[in-house]
Amino acid sequence: MSVEICPKCGTENVTKAAWCEKCLHMFHEYGENKTIFCPECKHENAYKDSYCEACHEPLKPGQWE
Ligand SMILES: [Zn+2]
Ligand SMILES: [Zn+2]
């Protein structure tokens with residue numbers, strides 16, 4: 001079984017995970033051209049953004065598409 005070490009927080013994740021389960025850092029270019037909507041203000045952000053660029057609400061990839 002192979003794991004992927006998160007370059008950001010060092011957590012071991014299963015290789016097929018698209019982002020770190022702990023800090024939500026994106027591993028690959030998955031979602032590169034996708035957008036994610038802010039749960040607060042509905043502003044459309046880049047999928048890999050961690051925070052809404054309009055209201056700075058934390059964004060969680062995969063939860064709002
Ligand atoms: Zn991490
Ligand atoms: Zn927002």
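The values are calculated or read from the model by the stated rules, or taken from the named source; none is laboratory data. The structure displayed is predicted, hence computed values, not measured ones. A quick note on method: Cβ atoms are made from the backbone with ideal geometry, for glycine too, and the neighbour counts reach across all protein chains shown. The protein model used for the area step is the full one, side chains on, heavy atoms only, and it has no ligands, DNA or RNA in it. Shrake-Rupley method; radii C 1.70, N 1.55, O 1.52, S 1.80 Å.
All of (1) loosely packed, with under 13 Cβ neighbours inside 10 Å; (2) at pLDDT 80 or above; (3) under 10 Å from the mean Cα position of the chain (by Cα) hold for GLN63 with one exception: (2). List pairs: first in the range 1-20 and touching a residue at least 24 places away in the same chain (Cβ under 8 Å) and aliphatic (A, V, I, L, M), second assigned to a loop (DSSP other than H, G, I, E, B) and open to solvent by 60 Å² or more (accessible area, probe 1.4 Å), Cβ under 7 Å, 6+ apart or cross-chain? These pairs meet every condition: ALA18/HIS28; ALA18/TYR30.
Checked against (1) away from ligand 1 (no atom under 12 Å from the Cβ); (2) open to solvent by 40 Å² or more (accessible area, probe 1.4 Å); (3) at pLDDT 75 or above, PRO39 passes all but a single condition, namely (2).
Based on this model, can you work out whether THR11 counts as of a type in the set (Ser, Thr, Tyr), farther than 11 Å from LEU59 by Cβ, at pLDDT 75 or above and more than 16 Å from ligand 2 (Cβ to nearest atom)? Yes, satisfied.
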